[in-house]
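The values are calculated or read from the model by the stated rules, or taken from the named source; none is laboratory data. Note that the coordinates shown come from a computational prediction; the quantities given were computed from them, not determined experimentally. When we count neighbours, we look across all protein chains shown, and the Cβ atoms used for this are built from the backbone with ideal geometry, even at glycine. Ligands, DNA and RNA are excluded from the accessible area calculation, which covers all protein heavy atoms including side chains. Shrake-Rupley method; radii C 1.70, N 1.55, O 1.52, S 1.80 Å.
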Amino acid sequence: MVLLVLAMFVGISFGISEEEVRRDLDYMKSVEKSLNSMDRELAKGSLSRDRIGELNSYGYPLNSLRDKYASLEGEKYRRISERADSLYKKVLYIKRGVFPGLLTKEARELNLPLCKAVAKGKDRKTLLIVLEDPKDEEVVLKLMTQTQLQFAHLIGIEAINFEKCKH
């Protein structure tokens with residue numbers, strides 16, 4: 001019993017094992033490979049529902065890894081934390097690229113007169129929404145409250161601009 005307590009104390013006092021670090025780095029390497037693949041797919045069109053589900057599964061683990069390594073002392077751990085943070089930001093970047101397609105689909109299901117939605121800017125942080133009549137407050141309100149648009153800020157969309165369709 002004393003040995004078990006001593007082993008736990010020694011394990012805690014030295015932080016994270018090299019095996020755990022290696023597993024975390026392997027996980028981040030596989031996530032990075034997958035994100036790069038998703039980014040290429042998105043550039044060619046859109047992501048499948050399965051790929052979007054996979055994308056959504058990365059956020060919490062990467063956030064947890066970032067926090068775990070940020071709380072430890074040392075340059076090695078700081079670099080690992082920064083890598084997890086960078087991958088998390090890439091997840092959000094890809095989500096912002098997928099978002100206009102999902103918003104368009106939702107708007108069509110609600111019979112809202114949305115012509116198109118586009119993520120703009122280098123970091124896709126601005127959303128351009130093109131409507132039949134962007135001054136129709138009822139349509140804009142429905143779009144803002146009955147679609148995923150109400151959660152756009154959670155993936156880093158900072159601005160939403162409305163324009164009129166050009167026929």
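Of the residues examined, residue 46 is one that is assigned to a loop (DSSP other than H, G, I, E, B) and open to solvent by 60 Å² or more (accessible area, probe 1.4 Å). Scanning the range 155-167 for residues that are open to solvent by 60 Å² or more (accessible area, probe 1.4 Å) and modelled with pLDDT of 95 or more returns 158, 161, 162, 163, 164.
Condition check ((1) outside any loop (DSSP other than H, G, I, E, B); (2) in contact (Cβ under 8 Å) with a residue 40 or more places away in the chain) across all residues:
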position	(1), (2)
106	yes, yes
117	yes, no
128	yes, no
135	no, no
141	yes, no
150	yes, no
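Going through 13, 17, 64 one at a time, which residue ends up being polar (S, T, N, Q), out of contact with any Lys or Arg (no Cβ under 8 Å at 6 or more places or on another chain) and modelled with pLDDT of 95 or more? Being polar (S, T, N, Q), out of contact with any Lys or Arg (no Cβ under 8 Å at 6 or more places or on another chain) and modelled with pLDDT of 95 or more holds for just one of 13, 17, 64, which is 64. From the list 74, 59, the one residue that fits, being surrounded by fewer than 19 Cβ atoms within 10 Å (Cβ to Cβ) and under 23 Å from residue 149 (Cα atoms), is 59. Condition (residue is open to solvent by 80 Å² or more (accessible area, probe 1.4 Å) and over 21 Å from the mean Cα position of the chain (by Cα)) applied to the range 118-127: is it met by at least one residue? No, the range 118-127 has no match at all.
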